[in-house]
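Visitor: One structure is given below, represented as structure tokens, and several questions about it will come after.
What follows draws every value from the coordinates through simple rules; no lab data is involved. Here the structure is a predicted model, which means the values were calculated and not measured. Here Cβ is always computed from backbone atoms with ideal geometry, including for glycine, and neighbour counts include all displayed protein chains.
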């Protein structure tokens, strides 16, 4: 892997904690996903009621991006996201609303979130990001996949920065790890370093 | 009619996930879209589903919704007329 790119900063959301560069910015004893997200919104987000209309995956990615991009001014940023469950968490809810033909009331507001990449759309709208984006679905976190695609984007000048992510929600379990890659930064953009940062809350 | 208006406000808050809005904050004449509650096009579709699911009213022409969903007053009047 080329080593002329760097990780500027990173964020984690897991087990009722939200951290930026390893520093905890939010913590709750709540364990259920919904109250955790609501409490985090109340503390970290200023007046964005659309948050409550989002599905769980989008809420998770949105909060992880909110703390990470708070002071980010460069909007020339591509997005490379990944997860295991895709949008299954929302798909199941939608499916349950249409499985009974005598009670067939499909919700448009749920249907619009039955794609994993809508999560990137919500973040793009919030931070006014207009650029390349891609969402990989794979069995487990893969620094190789993310770094390969990210280097390609930066090598080809598709964007000045790349927002990379593992953002996964399924059956009440949730885990988000986001990081920004550019030509300047604190950590070398290597697979070893990405894995080390990922594991800081995933061991 | 006032009971129906109260019920509509509660349903709208719950079904459209208006987390930071209370029943008391919605006036009967407040516009539901635009400068009022700020609902969007997906919310409009949800309201059409709500009319069908909770009141058994099917909108044959979604464009009708523009007038019906202007406010709580117009929604309540439409539902009452259909139920009469």
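Visitor: Assuming R0 = 30 Å, can you tell me the calculated FRET efficiency for the pair residue A:200 and residue A:158, based on Cβ-Cβ distance, to the nearest 0.05? Walk me through the intermediate numbers first.
Guide: On the way: r = 29 Å, r/R0 = 0.96.
Result of the calculation: an efficiency of 0.55.
Visitor: Quick one: compute a quarter of the convex hull surface over the Cα atoms of the protein assembly as shown and quote it in nm². Don't skip to the end; give the middle numbers.
Guide: Working: hull surface 67.9 nm².
With every direction weighted equally, the projected area is 17.0 nm².
Visitor: How would A:79, A:138 line up from fewest to most surrounding beta-carbon atoms within 10 angstrom?
Guide: Details: A:79 27, A:138 13.
Fewest to most other Cβ atoms nearby, the residues stand as A:138, A:79.
Visitor: Direction-averaged shadow area of the convex hull around the Cα atoms of the range A:1-124, nm²?
Guide: Working: hull surface 39.0 nm².
Hull-based average projected area comes out at 9.8 nm².
Visitor: Evaluate the distance, in nm, between pseudo-label points positioned 7 Å from the Cα of residue A:145 and of residue B:59 along their respective Cα→Cβ axes.
Guide: Inter-label distance under the simple model: 4.0 nm.
Visitor: At a 10 Å Cβ-Cβ cut-off, how would you order B:4, B:51, fewest neighbours first? Working shown, then result.
Guide: Numbers: B:4 16, B:51 20.
Sorted ascending by nearby Cβ count, the order is B:4, B:51.
Visitor: Can you give me the Cα centroid spacing of the range B:4-72 and the range A:108-129 in angstrom?
Guide: Rounded to whole Å, the Cα centres lie 23 Å apart.
Visitor: Can you grab the distance from the C-alpha centre of the range A:3-72 to the C-alpha centre of the range A:160-203, Å, no decimals?
Guide: For the range A:3-72 versus the range A:160-203, the Cα centre distance is 13 Å.
Visitor: Count the DSSP beta bridges whose two residues both fall in the range A:62-186, then state the antiparallel fraction as a percent rounded to the nearest 5. Write down the numbers at each step before the final one.
Guide: Numbers: 9 of 20 bridges.
Roughly 45 percent of the DSSP beta bridges within the range A:62-186 come out antiparallel.
Visitor: Let me ask something else. Round to the nearest 0.05 the FRET efficiency obtained for residue A:27 and residue A:70 when R0 = 22 Å and r is the Cβ-Cβ distance.
Guide: 0.80
Visitor: Taking the C-alpha atoms of the range A:137-203, how large are the radius of gyration and the largest Cα-Cα span, Dmax, in Å?
Guide: Using the Cα atoms of the range A:137-203, the pair Rg, Dmax is 12.6, 39 Å.
Visitor: Let me ask you something else. Under a point spin-label approximation (7 Å from Cα along Cα-to-Cβ), what is the residue B:84-residue B:52 distance to one decimal in nm?
Guide: Each label point is offset 7 Å from its Cα along the Cβ direction, giving 2.6 nm.
Visitor: When you have a sec, figure out the Kirkwood radius of the range A:19-92 from all distinct Cα pair distances and drop it here in Å to one decimal? Don't jump to the answer; show the numbers that get you there.
Guide: Details: mean 1/r = 0.0721 Å⁻¹.
For the range A:19-92, inverting the mean 1/r across all distinct Cα pairs yields 13.9 Å.
Visitor: Separate question: Please give the average number of partner chain Cβ atoms lying within 10 Å of the Cβ of each residue in A:109-122, rounded to a whole number. Present the calculation step by step, with values, prior to reporting the outcome.
Guide: Working: counts 9, 2, 2, 2, 0, 0, 0, 0, 0, 0, 0, 0, 0, 0.
Mean shielding count: 1.
Visitor: Same structure again: Give me the three principal axis extents of chain B from the C-alpha atoms, as integers in angstrom, largest value leading.
Guide: So the three principal-axis extents are 31, 27, 20 Å.
Visitor: How far is helix A:56-68 tilted off the main Cα axis of chain A, in degrees rounded to 10, range 0 to 90?
Guide: Roughly 30 degrees between the two axes.
Visitor: I need the peptides A:152-164, A:60-72, B:34-46 ranked by packing, meaning the mean over residues of other C-beta atoms within 10 angstrom, with the highest value on top.
Guide: Working: A:152-164: 18.5, A:60-72: 22.2, B:34-46: 15.5.
Ranking the peptides A:152-164, A:60-72, B:34-46 by packing returns A:60-72, A:152-164, B:34-46.
Visitor: Sort A:196, A:84 by Cβ crowding within 10 Å, fewest neighbours at the top. Numbers along the way, then the final one.
Guide: Details: A:196 12, A:84 15.
In order of increasing Cβ crowding within 10 Å: A:196, A:84.
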